[in-house]
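Have a look at the structure below, then the notes.
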């Protein structure tokens, strides 16, 4: 009986400790439109879900993936959300930005010169493939 009580107490303590540590959520946010409203909505979603989960004692990892016309989100001087991305990147350690390499190559080819992206954006081979990879790693998918 003594062992049962000790084992039960240990199990309750471990469960309580695990619960107190919170849950880690993973979210992929998809941007494929050159539309300031969509870009701002995506960043609003990031800020709101981060705030919510942190208020619950949880953590959230967010990756914004842009491709196609949405890649303009990361082009300095063209991006309507350039300042927000810079600020959010500094303030939110849980946030990363992925840029589609296929789109970047096509944009550069069409422009006849290399297109430079914001420092905050990391180029991935394919935006669509990146979204698939993230979902296969249990990231929730959000498209504003």
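Structure notes:
- Nearest-ten-degree value, helix 101-111 long axis tilted from longest Cα axis of the chain: 20
- Choice from 35, 58, 83 showing the highest fluctuation, given a GNM over the chain with Cα pairs closer than 10 Å: 83
- Of 55, 89, 126, the one that fluctuates the most in a GNM where the chain has Cα springs shorter than 10 Å: 55
- Fewest-first ordering of 25, 30 by other beta carbons within 10 Å of each residue's beta carbon gives 25, 30.
- Rounded to 5, the percent of DSSP beta bridges in the chain classed as antiparallel: 0
- Distance between segment 95-144 and segment 26-84 - C-alpha centres, whole angstrom: 12
- Largest first and in whole Å, the equivalent-ellipsoid semi-axes of the chain read 40, 15, 11, each the square root of five times a Cα gyration tensor eigenvalue.
- Label sites at residue 37 and residue 129, each approximated as a point 7 angstrom past Cα along Cα to Cβ, lie 3.4 nm apart.
- Most mobile of 22, 70, 127 in a GNM of the chain (Cα contacts under 10 Å): 22
- Relative contact order of segment 22-142, defined on C-alpha pairs under 8 angstrom at six or more residues apart (%): 31
The numbers here are math on the coordinates, done by the rules we state, and not lab data. Given the structure is predicted, the values throughout are model-derived calculations rather than measurements. Methodologically, a virtual Cβ is constructed for each residue, glycine included, from the backbone with ideal geometry; neighbour enumeration extends over all protein chains shown.
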